[in-house]
């Protein structure tokens with residue numbers, strides 16, 4: 001799935017010369033937490049988010065530091081913060097030079113950027129023009145659409161067991177030959193020994209994702225490597241749909 005498949009195309013934007021009050025009104029009206037900022041030529045120059053407006057002198061939330069720390073930070077840093085907490089125009093408060101992505105990039109690239117830069121949205125740019133934006137909400141909508149598109153169920157117990165074995169082979173963390181699988185009327189019974197409770201829980205997830213599975217009964221136990229002691233998992237004897 002690519003960026004262009006999930007991005008929002010109809011955008012609410014502001015100009016860098018707009019008063020911040022206009023930007024706040026748009027955020028509240030459209031129930032969004034961030035706005036792309038354009039210059040007079042319509043090119044993306046920044047992004048204004050709720051985070052940019054958290055520390056403001058009007059709400060008495062600007063940073064207050066001891067004099068010695070201000071001395072260490074230097075005048076440039078303090079001047080920049082002053083613009084951010086006292087600025088009246090969007091361009092004075094926005095985050096300049098935002099991280100962007102092109103429409104043809106895979107969604108994995110967007111998620112990587114969000115995690116790396118700790119951001120909630122990424123503007124989409126093509127030929128130096130803003131064409132969309134991808135937010136975490138867009139990713140959730142894409143996930144919801146995929147989950148709704150449920151594949152047809154397996155034709156029978158043998159088919160379920162065959163698909164489950166294939167999925168287990170694809171799991172690099174799962175030891176080969178450690179698990180016995182029995183399927184009866186769509187109910188999967190799992191028995192065996194693994195090395196951790198997390199492996200047992202993940203095994204249940206594998207089984208739950210096989211089309212046609214009605215129930216998973218995971219009776220796998222786990223063995224503590226150092227002591228050799230065997231423990232019952234919290235998954236054991238629990239039926240998961």
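Structure values in brief
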item	result
Candidate set from segment 89-109 (those that are touching a residue at least 12 places away in the same chain (Cβ under 8 Å) and surrounded by fewer than 12 Cβ atoms within 10 Å (Cβ to Cβ)); member that is farthest from residue 4 (Cα to Cα)	96
Single residue of segment 14-44 satisfying the filter (surrounded by fewer than 18 Cβ atoms within 10 Å (Cβ to Cβ) and within 17 Å of residue 99 (Cβ to Cβ)) that is modelled with the lowest pLDDT	33
Yes/no for residue 62 being assigned to a helix (DSSP H, G or I), over 25 Å from residue 133 (Cα atoms) and touching a residue at least 12 places away in the same chain (Cβ under 8 Å)	no
Some residue of segment 57-80 being modelled with pLDDT of 85 or more, within 27 Å of the chain's Cα centre (by Cα) and surrounded by 13 or more Cβ atoms within 10 Å (Cβ to Cβ)	no
Qualifying residue in segment 149-159 (condition: surrounded by 15 or more Cβ atoms within 10 Å (Cβ to Cβ) and closer than 30 Å to residue 33 by Cα)	no
Complete set of residues in segment 182-202 that are within 15 Å of residue 161 (Cβ to Cβ) and either out of contact with any strand residue (DSSP E or B) (no Cβ under 6 Å at 6 or more places or on another chain) or not assigned by TED's automatic domain parsing to the domain that holds residue 162 (or both)	183, 184, 185, 186
Unique match (being outside the structural domain of residue 104 (by TED's automatic domain parsing), in contact (Cβ under 8 Å) with a residue 24 or more places away in the chain and touching a strand residue (DSSP E or B) at 6+ places or on another chain (Cβ under 9 Å)) among 210, 133	210
Count of segment 208-234 residues which are assigned to a strand (DSSP E or B), touching a helix residue (DSSP H, G or I) at 6+ places or on another chain (Cβ under 9 Å) and modelled with pLDDT under 90	3
Only one of 183, 188, 205 that is touching a helix residue (DSSP H, G or I) at 6+ places or on another chain (Cβ under 6 Å), modelled with pLDDT of 90 or more and under 21 Å from residue 232 (Cβ atoms)	188
Segment 45-56, residues that are free of Cβ contacts under 8 Å to residues at least 24 places away in the same chain and either in contact with a helix residue (DSSP H, G or I) (Cβ under 8 Å, 6 or more places away or on another chain) or crowded, with 18+ Cβ neighbours inside 10 Å (or both)	50
Odd one out for residue 8, checked against (1) under 25 Å from residue 141 (Cα atoms); (2) loosely packed, with under 11 Cβ neighbours inside 10 Å	(2)
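The values are calculated or read from the model by the stated rules, or taken from the named source; none is laboratory data. On a predicted model such as this, the values are computed, not experimentally measured, just so you know. For neighbour counting, all protein chains shown are included, and Cβ atoms are generated from backbone atoms with ideal geometry for every residue, glycine included.
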